[in-house]
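Right, one structure below, let's go through it.
Where a number appears in this text, it was derived from the coordinates with a stated rule and is not lab data. What you see is a predicted model; the values in this text were computed from it and never measured. Because the Cβ atoms are built from the backbone with ideal geometry, glycine has one as well, and the counts that use them run over all protein chains shown.
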């Protein structure tokens, strides 16, 4: 599968070169900046110490910034399942979008269709599991919100590029705001850990529980992100856990 790429070199990456087998994850971000050109400049600025392998513009054009086999600096403090420091094992894709702090917008169709082409190419090239195509908030729920609740995870799941629950959307909403028993709350967080989300730090548990729930909701219950677990979230977590 061919890709129409524009190459723009960023020196923000780590040595040595990786092997193809080390690449286990594809991580999706939004830039969180108002202007596209400034976002690109920052990803190439050695003072910023951030980068990604790919950048997708509003018009759908794809920039290649860091070669795949070098570690770009996009994930930061992160973990998924038994992996820590996800930069070492991933390819990072930045999508231009102002983000939650600058007037978060719906992602243009051209952008998403280009992303789908890129994901299909990388998934095939590096034998990536669809369960390992993740958002930044999945791997860093206490720090990040991107790509956020407007990102079309359900659409990607239809393209075999993510996972989704089994429920009819109208039916599952009927369980919204129904309180859980204590054992169901415990099972919910066990399900999240089985899916791949990190465990909560008990010292900071109130805030971390809320952030973890929000990360899950931004992906699988996008029309209500409130950091509160209810019967709807519980059932979705059970369905997703069974698909991992």
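As an exercise, take the mean of 1/r over every pair of distinct alpha carbons in segment 133-179, invert it, and state the Kirkwood radius in angstroms. Don't jump to the answer; show the numbers that get you there.
Values: mean 1/r = 0.0804 Å⁻¹.
Hydrodynamic radius (Kirkwood, Cα pairs) of segment 133-179 is 12.4 Å.
Cα convex hull of the chain: how many Å³ per residue?
On the way: hull volume 31.2 nm³, N = 244.
With only Cα atoms used, the chain gives 128 Å³ per residue.
Kindly express, to the nearest 10 degrees and within the range 0 to 90, the angle between helix 182-195's C-alpha long axis and the longest C-alpha principal axis of the chain.
Roughly 20 degrees, rounded to the nearest 10.
Output the 0 to 90 degree angle, nearest 10, between the alpha-carbon long axis of helix 109-126 and the longest principal axis computed from the alpha carbons of the chain.
It works out to around 80 degrees.
Report the extension gain between residue 85 and residue 61 in nm, rounded to one decimal, defined as 0.36 nm multiplied by the number of residues separating them, less their alpha carbon distance. It would help to have the intermediate numbers written out before the result.
Values: separation 24, 0.36 × 24 = 8.64 nm, distance 2.87 nm.
Result for the pair: 5.8 nm of gain on full extension.
Classify segment 24-111 from the C-alpha gyration tensor, please: rounded if a/c falls under 1.5, else prolate or oblate depending on whether a/b exceeds b/c.
Values: a/c = 1.65, a/b = 1.49, b/c = 1.10.
Prolate, since a/c reaches 1.5 and a/b exceeds b/c.
Against the longest alpha carbon principal axis of the chain, how many degrees, from 0 to 90 and to the nearest 10, is the axis of helix 231-241 turned?
On a 0 to 90 degree scale, this one is about 50.
Using the number of other C-beta atoms within 10 angstrom as an exposure proxy, rank 136, 165 with the fewest first. Walk me through the intermediate numbers first.
Details: 136 26, 165 21.
Going from least to most buried by this count: 165, 136.
What are the principal axis extents of the Cα atoms in segment 169-241, in Å, biggest first?
37, 23, 21
On full extension of the chain, what length is gained from residue 7 through residue 194, given 0.36 nm per residue of separation minus the C-alpha to C-alpha distance? Can you show the working numbers first?
Details: separation 187, 0.36 × 187 = 67.32 nm, distance 3.82 nm.
Gain in length upon complete extension: 63.5 nm.
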